[in-house]
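Please treat every number below as a calculation from the coordinates, not as lab data. In this text, all values refer to a predicted model and were calculated from it rather than measured experimentally. Cβ coordinates were reconstructed from backbone atoms using ideal geometry, including for glycine residues, and neighbour counts include every protein chain displayed.
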Amino acid sequence: MKLKIVEYPDKKLKEKSKKIRNFDHNLHDLLDSMYPIMIDTNGIGLAAIQVAHPVQVLILNIPNEEGEQPLENLLEIINPVIKNKSGETTYQEGCLSVPSFYEDINRFEKITIDYQDRDGKTHTIDADGLLSIAIQHEVDHLNGILFIDKLTSSRRRKFEKEYKRMLKDRKYSK
Ligand code: Y12
Ligand code: CO
């Protein structure tokens with residue numbers, strides 16, 4: 001399956017993703033195609049809506065202490081539901097759909113999620129640290145929310161200016 005990253009300000013990123021009901025070859029093709037595009041673009045997390053598929057699917061591959069992302073650490077998360085959340089943390093986030101922009105975002109420190117894997121089997125994860133932040137970032141995508149939607153209005157205005165300039169520079173450097 002040929003996939004391309006959808007970038008802000010594409011309205012597609014505002015869409016709410018639908019629950020997966022069939023754990024079939026279409027889902028497996030999508031998951032198998034999302035992994036290489038995430039790795040090739042230096043990503044650690046990717047939601048299906050970021051490749052124009054509005055379904056509740058996300059993948060995560062948090063780098064290990066050596067900065068590597070071995071395939072065995074890949075998490076494929078379908079139909080996630082956040083059950084518990086506690087504490088507070090701040091992390092400088094980035095997103096493959098909002099290239100070249102990073103900002104401190106407040107999130108819950110610890111979360112518990114229920115989700116299904118590619119075969120429809122149900123799992124629970126208690127997450128903290130970067131995994132917790134990454135899951136919250138990706139679950140937001142499934143609800144049509146981007147990390148830039150969490151900026152204060154003055155920071156958001158500054159972002160819009162900087163981002164427009166980045167898109168223009170990128171266009172003329174091609
Ligand atoms: C903590 C915070 C946010 C997440 C969500 C997942 N985010 C990413 O995977 C971001 C990746 C990213 C990669 C970039 O590099 C390239 O595109 C080559 C990048 O750089 C540029 O856009 C120039 C920006 C973001 C998980 C955990
Ligand atoms: Co993102």
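For the stretch 114-155, which trypsin sites (Lys or Arg not before Pro) are in a loop by DSSP, counting at most 11 other Cβ atoms within 10 Å?
When the trypsin sites (Lys or Arg not before Pro) of the stretch 114-155 are filtered for loop state and at most 11 Cβ neighbours within 10 Å, K121 remain.
Tell me, in nm to one decimal, what length is gained between K16 and E72 on full extension, where the rule is 0.36 nm per residue of separation less the Cα-Cα distance?
So the extension gain works out to 17.2 nm.
Could you compute Rg(Cα) / (2.2 N^0.38 Å) for the chain, with N its residue count?
Its radius of gyration relative to the 2.2 N^0.38 Å reference: 1.03.
Can you figure out the FRET efficiency of D114 with K171, using R₀ = 45 Å and their beta-carbon distance, to the nearest 0.05? Before the final figure, lay out the partial values.
Details: r = 43 Å, r/R0 = 0.96.
So the FRET efficiency works out to roughly 0.55.
Estimate the FRET efficiency between D104 and K4 by the formula 1/(1 + (r/R0)^6), using the beta-carbon distance for r and 35 Å for R0, to the nearest 0.05.
Working: r = 29 Å, r/R0 = 0.82.
About 0.75, to the nearest 0.05.
If I stretch the segment between T41 and N26 completely, what's the gain in nm (0.36 nm per residue apart, minus their alpha carbon distance), one decimal?
Here the answer is 3.1 nm.
Please tell me the relative contact order of the stretch 13-116 in percent, rounded to the nearest whole number, where contacts are Cα pairs under 8 Å and at least six residues apart.
Relative CO of the stretch 13-116 lands at 22 percent.
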